[in-house]
Amino acid sequence: MDLALDTGFFYVDWRMIIMWIVVAILFYLAVARQFEPLLLVPIAFGALLANLPTEGVVNKPGGYLISPTGGVVCNVFVKSGDKAFVPRVVRQIPDKISDIISTPESAQADVSKYFAELEKVTSAEARKDTFLKAKGIPDLIAIVRPAHAEPKTEHDKALANIMISVNFKGKVLKLTGKDMLVWAKSSGDVAEVCAVEGQKVENGQKLVDVYSARTGGLYYYIQQGVLLEIFPPLIFLGVGALTDFGPLIANPKMLLLGGAAQFGVFATFMGAIFLGFTSQEAASIGIIGGADGPTSIFISNKLAPHLLAPIAVAAYSYMALVPIIQPPIMRALTTMHERKIKMKSLRKVSRLEKLIFAVVVTIFCILLVPDVSALIGMLMLGNFIRECGVCDRLSKAAQNETINIVTVFLGTSVGITMTGDRFIRVETLSILALGVVAFGFSTAAGVVMAKVMNLFLKEKINPLIGAAGVSAVPMAARVAQVEGTKADPSNFLLMHAMGPNVAGVIGTAMVAGFFIATLTSH
């Protein structure tokens, strides 16, 4: 019986089972329907691992626990020689007291109930009970009160200074809504307590040292590629090496279509603000409208890291669903006559033009929006390597080995954040819904912009290529080609659609840089 209790079966709950169903849907879309399988298969398998009671996959190594803010240490609940405990499966835990409270009126009752349950499942006796350990609550190590709290939401503002008194582990705690909670990150021995109650601390200052002989899990280290913002720029390197910028250079008007597609980003940004998201969260959600997975990850990691999982999954899922989402919008906004418009063959762009374009765009974009230097720089580096003609080995490596390896690690790193208790929330469902809105607005804006341009152009543009202004390279361009062929089998729009497609990649990165520059606290 003891052996059975040590297995992972007792950690399985209804959230995990629901996420298994979500994983099955993603596998179906990737394998049976072949919707961006290179993205969805790693994401789905990562999500499967996230919703199993794994060991050695995502667990964190021992080390120092640091203060999440500058302020005063209100409470420390451990001393040297104590044991710190983190269960195999960690449930969603609050970062601050206000996360526990539903309304100001119920603050005292909500917090008292939470701490009573917390003491029940984190007591020394509870740690010997497999059923209570399966509750998934790590040890609470300390509470820090911010010196200069800046509540981001109306909810936090209402609760920031409300006073609450609770009993916990033989102490009477005097708490406010803004107080930050510091949880154990790994199981081990408390080697040193570096801060005492009442001590002033700076953001990032060491509070407690927890020693563990075990290293972190495999994906604790692989995920550093996301957290340290390594993977998204490397994906851009591969995209640049795979993409021909010639159609955009030959027809610079396509920049307008790529720019128009960013309308969906700003429309969704305003919609998310209206629904109660902070400006940083809204900006991260809005970038989904650009259909650019790496850029969504890049901006979310900077502005809303707690929403990284649902935003990344929404962005990549809707990229995969381009062939389903876009065609109805494209057909609804165009007539059969417009869909049959044939565009003249593009002029041949010389190698020198392509090399100059890569250098000029790099200089201009980085001078305009320095915050996305890594993305723009890697995109243009990849394209320069492709077009220069003397780096074939590097070009092939960027197009194949580099982007393939990074795609596996990036996809599984995103998927492994999709735990059931994080994902099955109203907030997450709102993000998924806003993602569809963002994608739809971006597609429609591109098509409408092409129709507006036709009012002033002698050589008409097929409005279908406006939908390729979203950054899903080259999927959106292929959809424009397919829809054009349905209207006229002799129509060939793929190369024309690549112009706005490339413009969309650059445009979305620039918008992300604008948001980062204006919304990041300096």
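The values are calculated or read from the model by the stated rules, or taken from the named source; none is laboratory data. Since we're looking at a predicted model, the values are computed, not measured. In this analysis, Cβ positions are derived from the backbone assuming ideal geometry, glycine residues included, and neighbour counts consider all displayed protein chains.
Does VAL447 satisfy the condition of being closer than 25 Å to THR268 by Cα and over 14 Å from the mean Cα position of the chain (by Cα)? When the stated conditions are applied, VAL447 passes them. Restricting ALA444, ALA477, ALA468 to residues that are buried (at least 24 other Cβ atoms within 10 Å of the Cβ), assigned by TED's automatic domain parsing to the domain that holds ILE366 and either of a type in the set (D, E, K, R) or in contact (Cβ under 8 Å) with a residue 40 or more places away in the chain (or both) narrows the list to ALA468. Only residues that are more than 30 Å from ASP209 (Cβ to Cβ) and in contact with a helix residue (DSSP H, G or I) (Cβ under 8 Å, 6 or more places away or on another chain) were counted across the range 18-61, and they come to 26.
Residues in the range 373-381: is at least one surrounded by fewer than 17 Cβ atoms within 10 Å (Cβ to Cβ), farther than 27 Å from VAL360 by Cα and assigned by TED's automatic domain parsing to the domain that holds ILE285? The answer is no; no qualifying residue exists. Looking only at residues in the range 79-93 that are over 26 Å from the mean Cα position of the chain (by Cα) and in a loop (DSSP other than H, G, I, E, B), the one that is surrounded by the most Cβ atoms within 10 Å (Cβ to Cβ) is PHE85. In summary, SER98 fulfils each of the numbered conditions (1) free of Cβ contacts under 8 Å to residues at least 12 places away in the same chain; (2) in contact with a Lys or Arg (Cβ under 9 Å, 6 or more places away or on another chain); (3) hydroxyl-bearing (Ser, Thr, Tyr) with the single exception of condition (1). Taken together, GLY290, GLY377, GLY286, GLY389 contain a single residue that is at pLDDT 95 or above and either more than 20 Å from THR417 (Cβ to Cβ) or in contact with a helix residue (DSSP H, G or I) (Cβ under 7 Å, 6 or more places away or on another chain) (or both), which is GLY377. Restricted to the range 123-222, the set of helices (runs of 4 or more DSSP H) holding at least 1 residues that are touching a Phe, Trp or Tyr at 6+ places or on another chain (Cβ under 7 Å) and on the phi < 0 side of the Ramachandran plot comprises 130-133, 218-222. Screening ASP99 with (1) assigned to a helix (DSSP H, G or I); (2) touching a strand residue (DSSP E or B) at 6+ places or on another chain (Cβ under 7 Å); (3) charged (D, E, K, R) gives one miss only, at (2). Checking VAL196, VAL201 one by one, the residue that is among the aliphatic types (A, V, I, L, M) and either without any contact (Cβ under 8 Å) to a residue 24 or more places away in the chain or crowded, with 19+ Cβ neighbours inside 10 Å (or both) is VAL201 and no other.
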